[in-house]
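Let me begin by presenting the structure, written as structure tokens, before commenting on it.
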Amino acid sequence: MFTCYNTLGIPVKITDRREADRLITLYTEDFGRIDVVARGVRKISSKLRSGVGWMRLSEIEFIQGKTYKTLTGAAVRDKYTSVNGDPQRTEAAARIIGLVEAAVRDQQPDRGVWKLILSTLERMDSSPANDFRVEYHLFFWNLMALLGWKPSTSACCYCKKKLPEGNLVFIAEEGGMACPGCAPSGQGFIPVGADIAAIINLFYSGKNAVLAKLKMKNAHAARLDAMEEEYLSIRTR
Ligand SMILES: [Zn+2]
């Protein structure tokens, strides 16, 4: 006898296997990250086919075998029509889901991470035209904090003094920013202005109404991209 499990989940990675199967990695409400085998799901006649898909919230049912979890039932439970229909929203949502796949390795449920994913996708779906890059960066830094990797963006990570207005450096390895006096020379740091520290602090303020109206400068988005890439590679290596 196999035990049957039921939970809500969002696919973060989908890989074709054999002729008609798929290996689906989901982030779930009750089990954290799991891999399930969806047998025959690529056949037109498959009942699972319409129940689980990219960027959809699904209720899934699976059985735990000796080696694999096997998907036995799936039904879409979201109404993310805008996220799936508007290119800007789709691009930001795809980055968010890709980030969950890259950063969350734990096979443990985490209600904070689950809520962050759902609330972000729901807000993106229902909010009027917006700069959806803000949603990605907001999600990135809040996810880092939930995973225990909140960077130091108010005090220098070396001397612990309040960061000055002006030129700073971000040191991914140290998990934060440093004042010019403490900044080491050489490789491994990214120059940033006090404006970048202020943006990240705003992400941690919970002022979502302010953030919803924020339009991000291209230079800020590019600098955040560079910091996030470096930070993630160090935290997940
Ligand atoms: Zn310092």
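The values are calculated or read from the model by the stated rules, or taken from the named source; none is laboratory data. Small disclaimer: the values here were computed from a predicted structure and weren't measured. For neighbour counting, all protein chains shown are included, and Cβ atoms are generated from backbone atoms with ideal geometry for every residue, glycine included.
Tabulated results
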{"read-out": "Residues being surrounded by 18 or more Cβ atoms within 10 Å (Cβ to Cβ) and either closer than 18 Å to residue 96 by Cα or among the β-branched types (Val, Ile, Thr) (or both) - total across segment 47-77", "value": "7"}
{"read-out": "Some residue of segment 87-103 being acidic (Asp, Glu) and either outside any strand (DSSP E or B) or loosely packed, with under 14 Cβ neighbours inside 10 Å (or both)", "value": "yes"}
{"read-out": "Any hit, segment 61-83, residues being of a type in the set (A, V, I, L, M, F, W, C) and under 27 Å from residue 148 (Cα atoms)", "value": "no"}
{"read-out": "Selection from segment 31-45 of residues that are part of a loop (DSSP other than H, G, I, E, B), under 15 Å from residue 61 (Cα atoms) and over 23 Å from the mean Cα position of the chain (by Cα)", "value": "39, 41"}
{"read-out": "Qualifying residue in segment 145-152 (condition: hydrophobic (A, V, I, L, M, F, W, C), assigned to a helix (DSSP H, G or I) and within 17 Å of residue 204 (Cα to Cα))", "value": "yes"}
{"read-out": "Hey, residue 171 touching a strand residue (DSSP E or B) at 6+ places or on another chain (Cβ under 9 Å), β-branched (Val, Ile, Thr), without any contact (Cβ under 8 Å) to a residue 24 or more places away in the chain and surrounded by 17 or more Cβ atoms within 10 Å (Cβ to Cβ) or not", "value": "yes"}
{"read-out": "Counted residues, segment 17-30 - those being assigned to a loop (DSSP other than H, G, I, E, B) and either of a type in the set (Ser, Thr, Tyr) or within 17 Å of the chain's Cα centre (by Cα) (or both)", "value": "1"}
{"read-out": "Some residue of segment 32-46 being in contact with a strand residue (DSSP E or B) (Cβ under 6 Å, 6 or more places away or on another chain) and small (Gly, Ala, Ser)", "value": "yes"}
{"read-out": "Check on residue 136, over 14 Å from the mean Cα position of the chain (by Cα) and of a type in the set (Ser, Thr, Tyr)", "value": "no"}
{"read-out": "Residue count, segment 106-130 (criterion: at pLDDT 90 or above and either assigned to a loop (DSSP other than H, G, I, E, B) or among the aromatic types (Phe, Trp, Tyr) (or both))", "value": "4"}
{"read-out": "From the options 161, 207, 215, residue that is loosely packed, with under 15 Cβ neighbours inside 10 Å and touching a residue at least 40 places away in the same chain (Cβ under 8 Å)", "value": "215"}
